[in-house]
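The values are calculated or read from the model by the stated rules, or taken from the named source; none is laboratory data. The model shown is predicted, which means the values in this text are computed figures rather than measured ones. Here the Cβ is made from the backbone with ideal geometry for all residues, glycine too, and neighbour counts use every protein chain on show.
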Amino acid sequence: MMIVHPRYWKLGIKLPLTIIAAVAGVALTVGLAVIAQERSRIRQDLEEKALLVARGVSGIAYEAVLRNDYWSLFKALSSMTSSSGPGGVSNDAVAGMVLDVEGRVLAHLAPENHPLGLPLLGADPSQRQWLKDVMQSATSRVRTIHQDGREYVESVVPIQSNGSTVGVVVLRLSTQEIETRTAAAAVIVIGIVLVFGALGSGFGVYISRRMVRPLNDLADGMAALGKGDFTSIVPIRPRDHDEIGRLAETFNRMAGELAEKRQLEQQLAVSEKLVAVGRIAAGVAHEVNNPLAGMLNCLDTIRRYPDDPSLIPRYFPMIEKGLHRIRAIVQGLLIELKGDSAEIWGDGGCLEDVKDLVLVEIGTLPVQLHWRNQLGDSYCVNCGPMQQVVLNLVKNAIQACRDGGDVAFRAFSQDDQVVVEVEDNGPGIPLERLDKVFDPFYTNRPDGTGLGLWVTYRLVEKMAGIIEVESEPGQGCLFRVRIPGQALRRQRPTTEVA
Amino acid sequence: MSIGLSRRTVLAMIGSIPLAVGAKADERLVRVGLTAVVVRENLGFFDRWRRYLELRLDRPVRFVQRRSYREVMELLATGEIDFAWICGYPYVRRRDPEYLDLLAIPVFDGEPRYRSYVIVHRDSPYRSVGDLGGKVFAYSDPDSNSGYLVPRSMLTGLGIQPDAFFRLTFFTYNHAETVEAVARRVADGGAVDSYVWEYLKRNRQVPVDQTKVIGQSDEFGFPPLVARRSGDAELRRRMQNAVLGMREDVDGRALLAELALDGFVEPDDSLYDGIRNLEARMSGGRLR
């Protein structure tokens, strides 16, 4: 398994880990400090003990030294350093001895190696120097020394009475006790550290989860907002009224407002639709009414003069023209209304079929067509509406520059979208009319129905695409259609089956 | 056992009559001095012995311990104590006027006698007291027969001047501690009462196993119980009956068993002639 860089870790992991690390760090630092302090205290204890025991022996040694009562000296030394004695240091007493001023042994804890009455053994010059130091020291002292790789605390206490020194008590305690007691203390401290670390970490995990959960909810909510889904947002319930709580409240408010806005927009769209339908109905009525009036007029005249045969060749073409006009209007409307007809999917090549129709449309007009279809077979499109859209736009462009000009058609893919551009260098559309070009029955051509661009607009909208127009008067105009790739991709399997 | 039992039985019975009749007639304490001749550390035993004696004396009894023989002898001299269990050496010392009488003599291993042992550490190479020249030697008490007088006489018997023979000597004032001093090698050798050494051995006292006996003296009279001559005669009689009668009853025998003694017998001053001779020889050569 690959370790992901911490930068990509979730906050739900990072936060507890940080808290655990902080708690453990603090606990460890405190623990180490306590252990270090404990260790120095234990060492101090040991030194005090060494001094205390040596003083205890020294206190009763004076008389015994004067009386050569070696047995009492030995018993005092032995009992003071035995575990049941006041010192309680049996295991630590590395050495204990009473020496006279000449350095001879008066009592020793290891009499078999250091016989009474003989000078303390030790040919080692450092030991001789030590003995000299010991003898010269008329005051109690304690120090830590290392010998033979071992460490011990040594106390030296002179045996004195009224200023006269008759000998010294030397006691050495092993520092092993420091290690064992430090280890014991360390075990306790580490135990406490672990317990508090675990408690602190658990608390940290709890706190961080509590903090991260609303953040996750916020992220989910925002993702839903980003998708335009305003309905499935569940209001986040912040537990605390802190910064995160405020963030959640603000988000809730924003989501609510967005949902409200969407609702208003939908209502507006419905009413717009109604307006559009009304306008279409009015348009249809108006557009149909004009030829109807003419045709009725013709019929009326024919009926009035039934015997005048010259009327028929005069009026029939007029009636026919009127009917054609009505049919064109109805057909335009039908294209819009038969939206749910079966969809035929094909690749970009299906747009080539439109080219022939366009060439027919151009006929003898002085219009130059620049056709460039770069959609390969890797893109599939809904052929019917796409062809209609292209045909409408190109026909419009041809009409726009019918007195001479260039019409360019370009189809290509960009960012997973199918883009169709139709450009002409005709007179262009004035700015004030630009926003009306997609309205039904809006036309500036005497023979136009005003439905072509409107139908195109509806078709593009149906394919979830957008259509935009750029124009400057005198510079021609450019229509651009974008059909989202997502829609294409979703539809692709159907294509393959078909 | 050479001494008849029947007579002592009668004496014991006589002694018990006033015990029953005149209870609490006299509440004065009877003080008994103890020295290093017995292992004094067994406090439970002395408490039981005290109660045993109190029943038979009809008087409260206290055992009084002092470190050295000399201190106990002084207590006897001043009348601080009425009875004491002392060593034969202080007993035979001449006093003017004499203020001590023998009260009873313990019987150990069938005889009212004991010896002095010279002991060394179990692992040491010494085979006689003569090998201990220049070593450290532990005496028990300067007034002890077995722990001082006898070992010194053994050396003089070998033609050795005891004072210059050892490198160091010290007194432990307790035979049991002499054993300990040797066992722990504070002293290379020591002189102890044979009774104490055997007692420790029988009671499986640990340090005694670390020691071995490399020399034995002749037999001497066992450290006796003594009474102050000017003391209450009736009390002395009752005390004597009490200790002599110990081996006649169950409680007494149990106490004697704890002491590792067979019993107490009537005094016989001639038992201590051996010590007297020794003292005369030693002090004749040096002290007097």
Item to complete: State whether one or more residues within segment A:106-127 are assigned to a strand (DSSP E or B), among the hydrophobic types (A, V, I, L, M, F, W, C), at pLDDT 85 or above and buried (at least 22 other Cβ atoms within 10 Å of the Cβ).
Response: yes
Item to complete: Please go through segment B:149-188 and pick out each residue that is surrounded by fewer than 24 Cβ atoms within 10 Å (Cβ to Cβ), within 13 Å of chain A (Cβ to nearest Cβ) and closer than 18 Å to residue B:126 by Cβ.
Response: B:166, B:167, B:168, B:169, B:183, B:184, B:185
Discussion item. Can you report the number of residues in segment A:36-81 which are of a type in the set (Gly, Ala, Ser), within 60 Å of the chain's Cα centre (by Cα) and within 15 Å of residue A:153 (Cβ to Cβ)?
Written reply: 1
Practice prompt. Kindly list, by first and then second residue, each pair from a residue in segment B:185-204 that is within 13 Å of residue B:151 (Cβ to Cβ) to a residue that is part of a helix (DSSP H, G or I) and of a type in the set (S, T, N, Q), limited to pairs with Cβ atoms under 8 Å and residues at least 6 apart or on different chains.
Written response: B:187/B:178; B:190/B:178; B:191/B:146; B:191/B:178; B:192/B:146; B:192/B:178; B:193/B:146; B:194/B:146
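Is it the case that residue A:419 is aliphatic (A, V, I, L, M) and touching a helix residue (DSSP H, G or I) at 6+ places or on another chain (Cβ under 8 Å)?
Numbers: aliphatic (A, V, I, L, M): yes; touching a helix residue (DSSP H, G or I) at 6+ places or on another chain (Cβ under 8 Å): no.
Answer is no for this residue.
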Discussion item. Just the residues that are closer than 18 Å to residue A:12 by Cα, surrounded by 13 or more Cβ atoms within 10 Å (Cβ to Cβ) and not hydrophobic (A, V, I, L, M, F, W, C), please, taken from segment A:185-208.
Written reply: A:200, A:201, A:202, A:204, A:208
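Filter segment A:140-163 for residues that are in a strand (DSSP E or B) and without any contact (Cβ under 8 Å) to a residue 40 or more places away in the chain; which is surrounded by the fewest Cβ atoms within 10 Å (Cβ to Cβ)?
Taking segment A:140-163 as the starting set, the residues that turn out to be in a strand (DSSP E or B) are A:141-147, A:150-161.
Then drop every residue that is not without any contact (Cβ under 8 Å) to a residue 40 or more places away in the chain, which leaves A:141, A:143, A:145-147, A:151.
Numbers: A:141: 14, A:143: 11, A:145: 12, A:146: 9, A:147: 15, A:151: 14.
Going through the qualifying residues, I end up with A:146.
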Item to complete: Quick one: which residue in A:234, A:193 is among the hydrophobic types (A, V, I, L, M, F, W, C) and part of a loop (DSSP other than H, G, I, E, B)?
Response: A:234
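With the requirement that a residue be within 14 Å of chain A (Cβ to nearest Cβ) and surrounded by fewer than 24 Cβ atoms within 10 Å (Cβ to Cβ), what does segment B:114-125 give you?
First, the residues of segment B:114-125 that are within 14 Å of chain A (Cβ to nearest Cβ): B:120-125.
Of everything in segment B:114-125, those that are within 14 Å of chain A (Cβ to nearest Cβ) and surrounded by fewer than 24 Cβ atoms within 10 Å (Cβ to Cβ) turn out to be B:121, B:122, B:123, B:124, B:125.
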Worksheet item: Would a scan of segment A:24-34 turn up a residue that is in the same structural domain as residue A:144 (by TED's automatic domain parsing), surrounded by 19 or more Cβ atoms within 10 Å (Cβ to Cβ) and assigned to a helix (DSSP H, G or I)?
Response: yes
Discussion item. Can you tell me which residue is modelled with the lowest pLDDT among those in segment A:405-451 that are β-branched (Val, Ile, Thr) and part of a loop (DSSP other than H, G, I, E, B)?
Written reply: A:449
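Quick test for you: out of A:178, A:207, A:188, pick the one residue that is modelled with pLDDT under 85 and under 23 Å from residue A:42 (Cα atoms). Walk me through how you get there before you give the answer.
Working: A:207 fails: under 23 Å from residue A:42 (Cα atoms); A:188 fails: modelled with pLDDT under 85.
After ruling out the rest, the residue left standing is A:178.
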Worksheet entry | Selection from segment B:199-210 of residues that are outside any helix (DSSP H, G or I) and either more than 14 Å from chain A (Cβ to nearest Cβ) or of a type in the set (Gly, Ala, Ser) (or both) | B:203, B:204, B:205
Worksheet item: Among the numbered criteria (1) polar (S, T, N, Q); (2) modelled with pLDDT of 90 or more; (3) closer than 30 Å to residue B:119 by Cβ, which single criterion is violated by residue B:240?
Response: (3)
Practice prompt. List the number of the failed condition for residue B:94; all other conditions in (1) outside the structural domain of residue B:78 (by TED's automatic domain parsing); (2) without any contact (Cβ under 8 Å) to a residue 60 or more places away in the chain hold.
Written response: (1)
Worksheet item: In segment A:66-75, which residues are in a helix (DSSP H, G or I) and within 12 Å of chain B (Cβ to nearest Cβ)?
Response: A:70, A:71, A:72, A:73, A:74, A:75
